[in-house]
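The next block holds one structure in the form of structure tokens; read it before the comments.
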Amino acid sequence: MALNRTSLPRTAEAVALAELRDAIVRGDLAPGAPIRQSAAAEELGLSVIPVREALKTLAGEGIVTYVPQRGYTVTELSPDSVDGIFRIRELLEGEAEQTAAARLRPEDVAAMRSALNDQRAAVEAVDVAAVIAANRRFHFALLDRCDNEWLLRFVRQLWEALEPHRALSYRRAAAAGDPARADAILAEHEAIATAFDNDDAPAALDLLAEHRRGGRGDFHRLLNVSTPNP
């Protein structure tokens, strides 16, 4: 499961929550994967109680699913769920991006460029975890400038619900030796960063909206592959 112990002075539940969330977001725990409370607790050097409480929190966020007699699994999305998530992302991220774009500083654009360079290197190295991390840094270099923590809290939750599926999609593409979509995403990020470099926020916002629509299509294609025909 690739959980890591931590020496930070946090409560046991906070440690369990952070490590489980990171493992799910990285794709170490794939959609549908069971989460064994005792095994996770052993890996983290914790008792089962904080792990159980952390899983309850993640279930409340929709990232994991609890089924009586079966326990917890990483949430599997349906096409309708994807549409619902992207509709809310369109509303919330559109608002956050518009606010953030008006406040964007040169160092924020530099952070986007740095993340894009890291993403490009990770794509070349076929390092899925690094691709996902860099992709997230690219977008949140902008989103964090909206300076509305409540808005960002919900945006982050929506991202985390999608990340295990994103990881699965990237890994399948890498296994098939198909870099086309990864290269297309890099090109889209480059165009967004260039628009901000040129102080053309309206163009950047239009490109971000188009980029989001493309992401929605990616998830639908993944689900069509994942779901066998009846």
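The values are calculated or read from the model by the stated rules, or taken from the named source; none is laboratory data. All values derive from a computational prediction rather than experimental measurement. No Cβ is skipped: glycine too gets one built from the backbone with ideal geometry, and neighbour counts run over all protein chains shown. Just the protein is used for accessible areas: all its heavy atoms, side chains included, with ligands, DNA and RNA removed. Shrake-Rupley method; radii C 1.70, N 1.55, O 1.52, S 1.80 Å.
Computed quantities for the displayed model
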quantity: Flag if THR65 is under 19 Å from the mean Cα position of the chain (by Cα) and in a strand (DSSP E or B); calculated: yes
quantity: Hey, GLU90 farther than 24 Å from ARG166 by Cα and out of contact with any Phe, Trp or Tyr (no Cβ under 7 Å at 6 or more places or on another chain) or not; calculated: no
quantity: Selected residue (criterion: farthest from THR73 (Cα to Cα)) from residues of region 7-27 that are open to solvent by 60 Å² or more (accessible area, probe 1.4 Å) and within 24 Å of the chain's Cα centre (by Cα); calculated: LEU8
quantity: Out of VAL123, VAL51, VAL109, sole residue that is touching a residue at least 60 places away in the same chain (Cβ under 8 Å), more than 20 Å from the chain's Cα centre (by Cα) and assigned to a helix (DSSP H, G or I); calculated: VAL109
quantity: Qualifying positions in region 94-141 - touching a Gly at 6+ places or on another chain (Cβ under 8 Å) and either open to solvent by 70 Å² or more (accessible area, probe 1.4 Å) or small (Gly, Ala, Ser) (or both); calculated: ALA129
quantity: Residue in region 71-93 that is touching a strand residue (DSSP E or B) at 6+ places or on another chain (Cβ under 7 Å), part of a helix (DSSP H, G or I) and open to solvent by 20 Å² or more (accessible area, probe 1.4 Å) present; calculated: no
quantity: Residues being within 24 Å of ALA193 (Cα to Cα), in contact (Cβ under 8 Å) with a residue 12 or more places away in the chain and over 17 Å from the mean Cα position of the chain (by Cα) - total across region 143-174; calculated: 4
quantity: Which numbered condition GLU13 fails, given (1) over 18 Å from GLU160 (Cα atoms); (2) part of a loop (DSSP other than H, G, I, E, B); (3) modelled with pLDDT of 85 or more; calculated: (2)
quantity: Boolean, LEU58 is of a type in the set (A, V, I, L, M, F, W, C) and more than 18 Å from the chain's Cα centre (by Cα); calculated: no
quantity: Residue in region 205-219 that is outside any helix (DSSP H, G or I), touching a residue at least 40 places away in the same chain (Cβ under 8 Å) and loosely packed, with under 15 Cβ neighbours inside 10 Å present; calculated: no
quantity: LEU151 at pLDDT below 95 and among the hydrophobic types (A, V, I, L, M, F, W, C); calculated: no
quantity: Criterion violated by ASP178 - all others in (1) touching a helix residue (DSSP H, G or I) at 6+ places or on another chain (Cβ under 7 Å); (2) outside any helix (DSSP H, G or I) satisfied; calculated: (1)
